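See below for the structure under consideration.
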Amino acid sequence: MECREEGKKFQELVEIVQRLRKECPWDREQTNQSIKNNLIEEAYELLEAIEENDDEKMIEELGDVLLQVVFHSQIKKDEGKFDVVVVIDRLIKKLIKRHPHVFGESEAKNAEDVLKQWHQIKQGEKNSILEGIPKRMPALLRSYKVQDRMAKVGFEWESINDVWEKVFEEIQELKEAKTYEEKVHEFGDILTALVNLARFLKIDPEEVLHLATDRSIKRFNYIEQKAKQQGKKLEEMSLEEMDKYWNESKGVVG
């Protein structure tokens with residue numbers, strides 16, 4: 001009964017999107033290219049809802065992400081390419097193929113076995129171990145995944161001391177860089193080395209940069225509050241004053 005209700009609701013959503021594509025001028029004009037960034041924005045809003053453990057917000061944002069899937073599929077259906085049924089069918093086949101311990105005869109005793117098996121099957125479908133890492137993925141996360149994939153086949157530093165040396169080496173090369181192009185190149189190498197160091201330290205570089213940015217915002221908000229209390233505009237505060245309140249904020253807001 002519950003499955004029938006789920007199917008009925010999903011079909012209702014598909015029919016609503018079909019109607020919007022026919023009767024709404026804005027929806028009718030959209031292409032996969034014109035709305036592609038919406039999917040990224042909705043995914044980040046869902047991520048925020050998950051981090052806040054806000055169920056009501058999750059319901060809202062999961063719906064928005066689902067809309068993007070149906071909308072993109074409907075655009076392709078209107079172009080005569082494929083529809084959401086093809087998308088779902090492809091997903092079903094992939095899930096069955098990558099879970100042979102559930103739908104087949106292999107065994108997986110724990111989550112680690114499942115992941116190992118999943119990656120083996122997935123890599124068997126690729127021409128390169130680095131294939132499938134999206135170019136539009138956040139840069140730090142993409143770098144982390146690339147280096148992690150390479151490390152899985154043995155392309156890895158022997159110890160964390162080697163990684164530290166590489167970080168210092170890249171910093172020195174940036175100091176010695178002369179042209180703008182050289183500086184761009186060396187700065188990228190520093191970031192790559194730092195991401196590798198994060199891997200060795202078992203730190204998620206994307207997450208820690210978010211946390212560091214949150215701290216910067218809180219500390220700068222503290223400076224803004226102090227300026228407001230003094231009846232000053234930020235532009236009227238000296239760098240020494242702002243630096244003083246910045247350091248003071250560490251003991252107040254973290």
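The values are calculated or read from the model by the stated rules, or taken from the named source; none is laboratory data. Every value quoted in this text rests on a predicted model; they were computed, and no experiment measured them. Please note: Cβ atoms are built from the backbone with ideal geometry, for glycine as well, and neighbour counts cover all protein chains shown. Heads up: the accessible areas ignore ligands, DNA and RNA and are worked out on the full protein's heavy atoms, side chains in. Shrake-Rupley method; radii C 1.70, N 1.55, O 1.52, S 1.80 Å.
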**Request:** Kindly check whether there is at least one residue in the range 49-72 that is part of a helix (DSSP H, G or I), open to solvent by 70 Å² or more (accessible area, probe 1.4 Å) and of a type in the set (Lys, Arg).
**Result:** no
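Got a number for residues in the range 122-167 being hydroxyl-bearing (Ser, Thr, Tyr) and part of a loop (DSSP other than H, G, I, E, B)?
2
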**Message:** Restricting to the range 85-112, give me the number of residues that are at pLDDT 90 or above and in a helix (DSSP H, G or I).
**Reply:** 18
**Asked** Only one of these conditions is not met by Glu29: (1) touching a residue at least 40 places away in the same chain (Cβ under 8 Å); (2) over 21 Å from Met137 (Cβ atoms). Which number is it?
**Response** (1)
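Residue by residue, here is whether (1) part of a helix (DSSP H, G or I); (2) charged (D, E, K, R) holds:
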{"residue": "His210", "(1), (2)": "yes, no"}
{"residue": "Asn221", "(1), (2)": "yes, no"}
{"residue": "Ala227", "(1), (2)": "yes, no"}
{"residue": "Lys232", "(1), (2)": "no, yes"}
{"residue": "Glu235", "(1), (2)": "yes, yes"}
{"residue": "Met242", "(1), (2)": "yes, no"}
{"residue": "Glu248", "(1), (2)": "yes, yes"}
{"residue": "Val253", "(1), (2)": "no, no"}
**Fill in**
Going through the range 174-208 in order, the residues found to be acidic (Asp, Glu) and either in a helix (DSSP H, G or I) or over 29 Å from Glu248 (Cα atoms) (or both) are Glu176, Glu181, Glu182, Glu186, Asp189, Glu206, Glu207
**Request:** For Leu130, state whether it is within 28 Å of Gly188 (Cβ to Cβ), surrounded by fewer than 13 Cβ atoms within 10 Å (Cβ to Cβ) and in contact with a helix residue (DSSP H, G or I) (Cβ under 7 Å, 6 or more places away or on another chain).
**Result:** yes
**Message:** Could you list, ordered by first residue, the pairs with Cβ atoms under 7 Å in which the first is in the range 234-247 and within 10 Å of Ile223 (Cα to Cα) and the second is buried (at least 16 other Cβ atoms within 10 Å of the Cβ) and of a type in the set (A, V, I, L, M, F, W, C), at least 6 apart or interchain?
**Reply:** Leu234/Ala227; Met237/Ala227; Met242/Ile223; Tyr245/Ile223; Trp246/Ile223
**Request:** For the range 73-84, name all the residues that are in a helix (DSSP H, G or I) and either over 13 Å from Phe10 (Cα atoms) or open to solvent by 60 Å² or more (accessible area, probe 1.4 Å) (or both).
**Result:** Ser73, Gln74, Ile75, Lys76, Lys77, Asp78
